[in-house]
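Structure, as structure tokens:
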Amino acid sequence: MKPMTRRTLIQASGAGALSMMLGGAGAQATWPSRTIQIVVPFPPGGSDVAARAYATALSKRLGQTVLIDNKPGGGTVIGTSLVARAPADGYTFLFTSPSLTVNASLMRKLPYDTGSLIPVGLTAYHPFVLCVHPSSPARDLATFIKLAKQNPGRYTYASGGNGSTQHLGMELLKQETGIELMHVPYKGAAPAVTDLLGGQVDSLLNGLPPTLAHIESGNLRALAVEGENRHPALKGVPTFLEQGVTSFKDPITWTGIFAPKDTPADIVSQLSQAIVSVGKSPEVLKTIQDNGLIPGGLGSAEFSKIVRSDIQRWAHVIKTANVQVE
């Protein structure tokens, strides 16, 4: 064997380095090679319906098990913190709602920074509907606004609590239309619905799925629904947009998947593409639509714009309305 010259040594070293680089890239390209965990900061059986539909579809698409792990508590802070501090290796993700963008302004101290999470994909929109008791003289949004302006502070609206989506959504409506309403917070949306059914409060902006049966039975009257187009389950109810209110063109509540900020870009890209793809599958679409939701299926770039816009919007609403939580 001939002795290795300086030139051949350099060539061999370069080849070795290239081999190591390709080997590293190949190792990352094999993602995922084990089970993926998606943390949901809500109790099971509610807002995680889209999470479970996507987890099943992503398992098939990625060839690895995708598990849902519910970690409720602290207004979603517990589960969110867990993911924000998790290894950024592509095996731990967060499935959450605008609570992430709201908490950035609503809570004075958070154990994480909102920027420590990367938006990967939006899974679904959760449309809200504005309802009143059937005895209300308001039969459309224009009349509701007119009555509120004629009687500042007389009419009430219920919510699931200070800082809840129902609360902030109505504050957004107040700020766009210039009406004054009295806020009646409850410990959760369920008791708020109960008191609206009983006529103890005048109005409620609430998620469509838990409200639909009461609307269909005639126990509640729907005045307006979120979204650019009328909802298939409420074709007779005009959108806010149709009635001149632009703040609810896109539903204010969504669910989506986030990754720890240092997760490799190619993994974020792969998962983002997978979310968009499975979001169009018949199985996922059926689950989403059967639960009264609006399909999302947006990738990282589009979802990131929504998140940035939401942070600014809720910061303005919270500051203007002086919303505070204990």
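Looking only at the range 69-126, residues that are more than 22 Å from ALA315 (Cα to Cα) and among the basic types (Lys, Arg) come to 2 in all.
Scanning the range 231-240 for residues that are in a loop (DSSP other than H, G, I, E, B) and either small (Gly, Ala, Ser) or within 20 Å of GLN166 (Cα to Cα) (or both) gives HIS231, GLY236, VAL237, PRO238, PHE240. Which one is nearest to PRO264 (Cα to Cα) among residues in the range 74-119 that are assigned to a loop (DSSP other than H, G, I, E, B) and among the hydrophobic types (A, V, I, L, M, F, W, C)? Of everything passing the filter in the range 74-119, ALA88 is nearest to PRO264 (Cα to Cα). Of all residue pairs spaced 6 or more apart or on separate chains, those with beta-carbon atoms under 7 Å, a first member in the range 293-314 that is more than 16 Å from VAL278 (Cβ to Cβ) and a second member that is open to solvent by 40 Å² or more (accessible area, probe 1.4 Å) and polar (S, T, N, Q) are TRP314/SER105. Taken together, the residues in the range 78-96 that are surrounded by fewer than 19 Cβ atoms within 10 Å (Cβ to Cβ) and either within 16 Å of the chain's Cα centre (by Cα) or acidic (Asp, Glu) (or both) amount to 1.
Could you please find all residues in the range 193-210 being assigned to a loop (DSSP other than H, G, I, E, B) and either open to solvent by 10 Å² or more (accessible area, probe 1.4 Å) or of a type in the set (Phe, Trp, Tyr) (or both)? Quick ask: steps written out before the conclusion?
Initial filter on the range 193-210 (assigned to a loop (DSSP other than H, G, I, E, B)): 198-202.
Listed by number, the residues that qualify are GLY198, GLY199, GLN200, ASP202.
Consider ALA265 against the criteria (1) open to solvent by 60 Å² or more (accessible area, probe 1.4 Å); (2) out of contact with any Pro (no Cβ under 9 Å at 6 or more places or on another chain); (3) closer than 26 Å to PRO191 by Cα: it satisfies all of them except one. Which criterion is unmet? Unmet for ALA265, out of (1) open to solvent by 60 Å² or more (accessible area, probe 1.4 Å); (2) out of contact with any Pro (no Cβ under 9 Å at 6 or more places or on another chain); (3) closer than 26 Å to PRO191 by Cα: (3). Among the residues of the range 175-192, those identified as open to solvent by 40 Å² or more (accessible area, probe 1.4 Å) and in a helix (DSSP H, G or I) are GLN175, GLU176, ALA190, PRO191.
Closer than 20 Å to LYS60 by Cβ and modelled with pLDDT under 95, is that true of GLY297? Talk me through it step by step, then tell me what you get.
Values: closer than 20 Å to LYS60 by Cβ: yes; modelled with pLDDT under 95: yes.
It is true that GLY297 is closer than 20 Å to LYS60 by Cβ and modelled with pLDDT under 95.
Close contacts from the range 29-50, counting a first residue that is part of a loop (DSSP other than H, G, I, E, B) and a second that is at pLDDT below 90, with Cβ to Cβ under 7 Å and a gap of 6+ residues or different chains, come to PHE42/ASP48.
Among the residues examined, ALA51 does not qualify as on the phi < 0 side of the Ramachandran plot, aliphatic (A, V, I, L, M) and open to solvent by 20 Å² or more (accessible area, probe 1.4 Å). Are any of the residues in the range 142-162 under 21 Å from TRP254 (Cα atoms) and open to solvent by 40 Å² or more (accessible area, probe 1.4 Å)? Yes, the range 142-162 contains a residue that is under 21 Å from TRP254 (Cα atoms) and open to solvent by 40 Å² or more (accessible area, probe 1.4 Å). LEU223 meets each of the listed conditions (1) open to solvent by less than 30 Å² (accessible area, probe 1.4 Å); (2) modelled with pLDDT of 95 or more; (3) over 18 Å from ALA138 (Cβ atoms); (4) aliphatic (A, V, I, L, M) apart from (3). The set of residues in the range 285-326 that are surrounded by fewer than 14 Cβ atoms within 10 Å (Cβ to Cβ) and closer than 16 Å to THR255 by Cβ contains only ASP290. Tell me yes or no: at least one residue of the range 101-116 is in contact (Cβ under 8 Å) with a residue 24 or more places away in the chain, open to solvent by 20 Å² or more (accessible area, probe 1.4 Å), under 17 Å from ILE38 (Cα atoms) and of a type in the set (A, V, I, L, M). Checked against the condition, which is being in contact (Cβ under 8 Å) with a residue 24 or more places away in the chain, open to solvent by 20 Å² or more (accessible area, probe 1.4 Å), under 17 Å from ILE38 (Cα atoms) and of a type in the set (A, V, I, L, M), the range 101-116 yields no hits at all. In the range 265-276, the residues that are closer than 16 Å to PRO87 by Cβ reach residues that are assigned to a helix (DSSP H, G or I) and among the hydroxyl-bearing types (Ser, Thr, Tyr) with C-beta atoms within less than 9 angstrom, at least six apart or across chains, in these pairs: VAL268/SER300; LEU271/SER300.
The values are calculated or read from the model by the stated rules, or taken from the named source; none is laboratory data. Everything numeric here is computed off the predicted structure, so don't read it as measured data. For neighbour counting, all protein chains shown are included, and Cβ atoms are generated from backbone atoms with ideal geometry for every residue, glycine included. Please note that ligands, DNA and RNA were not included when accessible areas were found on the heavy atoms of the full protein model with its side chains. Shrake-Rupley method; radii C 1.70, N 1.55, O 1.52, S 1.80 Å.
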